[in-house]
Structures are given as structure tokens and as C-alpha cells.
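Participant: The structure that follows is given in the form of C-alpha cells.
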Amino acid sequence: MKQIAVLLVEDHMIVRQGLRLLIEADGDIKIVGEAKTGREAVQMTRDLRPEIVVMDIAMPLLNGLEATRQILKSFPAMKVLILSAHSDPEYVEQVVKAGALGYLVKQSSGEVVAQAIRELHKGKTFFTPSIAKRLKDEYQKSTNGVGLRKKSDTQLTSRESELLQLIAEGQANKQIASELGISIKTVEKHRQHLMEKLNIHDIAGLTRFAIATGIIESSVQSTIAQDSSSK
């Protein structure tokens, strides 16, 4: 069984050690490196090329938000899971804009963190339930304003839906081109046309649209939480 390679980024050693033990408990996930600052995280992603980065936000030298931006600029296909003590809307909005595909609060159990890693590895998103609900609510509110067209005006073709899913899953243009069997230039044209059609002009907005319309699944830990509470 191939293990999922994870870089763990957290400035508190005791938290890192505890997370490592919990995340690696089932044997299908391997922590390939640990960083205590955002700057270390950026360098270690270049050296280790993990599949998933579990990232704290509040860290010295370089915060997790900026580290996420820099990592995804260099490695667009890498997947970042934010694990933070904060769940304020401004934090969530910023990390989604930065390209993170998951956001958990630190009160989450080790089991939930491991499940989030697995879901991101499968190309899904994973948010704490309250955050997932907030993202959907914000999208639904915005559809009633002037910023986005209503769903009735945004019927997507099969190819457009396929492209949107790949974009929302964090795939780079090169990967999308390979997956769809088209040129990178054609992917760029399709992406531009999709943004114009939806009147959405950033990846964060496309991701929220894909979640809200069910094109990609936003996994949450409600089932796990129910299982835990029943024990």
C-alpha cells in the first residue's frame, strides 16, 4: 500500500509530535517532514515534494497563509490542509483564496485530520462543518446580488463541468491538459471562457461555486463525529 506523503507544519513541538502519532496511526499516511515556520515549509516542499501539506496559520518568520500562497505558486497541484485555532470568516476567506482545499479547527480529533488528508488526496475538499456551511451560505447570498449570475443562467456543458471540477480540485493547467487530452493553450482558453460564463474571476470563487452546485464534494466530519459520540 502506497502511503500518502505529508509535510506537517506547526510551530509548537508538542502539537507536532501529537499530530504525527495520531495521523500515522492507521499506517496509510506518512509524515515525510516537519516544519516549524512557514519559511521552512516552503523550502521543505521543494526538497521533499509531499502530496499534502498540513499547515498552521500563526507561525513566526512567515505565516501559514503566505506560505500556502508561495507553495501553490511553485507547485499548483500540491494540496494544502489548514489546521488552525481560528475559524473567523476573514481567515477562511483568505485561505480559500490562497488555494487551500481544506480547513479544520484545532479542536478536531486526530481521526478527523487523517480523514481530511485522505479526502484531499482523492481530490476532494474538506472543511469543518461550520466553515463548509458558511462557504455555501456566502455563495447563495452572492447569487442574489450583482456579482454572480443565477444558476438558471449558468448551465454548464459536460466539458465545462469536467474542467471546473479539475480546476476546483487544484489541478494545474498541464495536468488538466493531460487529463482531457487537449493542449495547455486550449485549457487556458476554456478556463477563461468558463470564468466569463459564470462571471467568476478567481479560483476561490470557482471552488465555492463547484462546492455549492455539487460538482465537487466538500467532505465534512459529521459522520465521524456522530460515530465518536455514539461510543
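Participant: Exactly which trypsin sites (Lys or Arg not before Pro) in the range 34-120 are in a DSSP loop and have at most 13 other Cβ atoms within 10 Å?
Facilitator: In loop regions of the range 34-120 (DSSP not H, G, I, E or B), there are no sparsely surrounded trypsin sites (Lys or Arg not before Pro).
Participant: If you don't mind, there's one more thing I want to ask. Please list 84, 130 in order of solvent-accessible area, largest first, computed with a 1.4 Å probe with all protein chains present.
Facilitator: 130, 84
Participant: Still on this structure: With no solvent and one point on each alpha carbon, what is the Debye value of log10 I(q)/I(0) for the range 154-193 at q = 0.17, 0.18 Å⁻¹?
Facilitator: -0.36, -0.41
Participant: May I ask which of 2/36; 30/122; 73/174; 2/97; 79/133 have a Cα-Cα span longer than 24 Å here?
Facilitator: Pairs exceeding the cut-off: 2/36; 2/97.
Participant: Note down the accessible area of residue 66, probe 1.4 Å, to the nearest 10 Å².
Facilitator: Residue 66 has an accessible surface of roughly 60 Å² with all protein chains in place.
Participant: Still on this structure, I have one more. Over the range 1-134, what per residue volume does the convex hull of the Cα atoms give, in whole Å³?
Facilitator: 93
Participant: In the calculated pair distance distribution of the range 87-131, what percentage of Cα-Cα distances lie above 14 Å?
Facilitator: 47
The values are calculated or read from the model by the stated rules, or taken from the named source; none is laboratory data. Quick caveat, the model's predicted, so the values are computed rather than measured. In this analysis, Cβ positions are derived from the backbone assuming ideal geometry, glycine residues included, and neighbour counts consider all displayed protein chains. Each accessible area value is taken on the protein alone, full model and side chains, heavy atoms only, with ligands, DNA and RNA left out. Shrake-Rupley method; radii C 1.70, N 1.55, O 1.52, S 1.80 Å.
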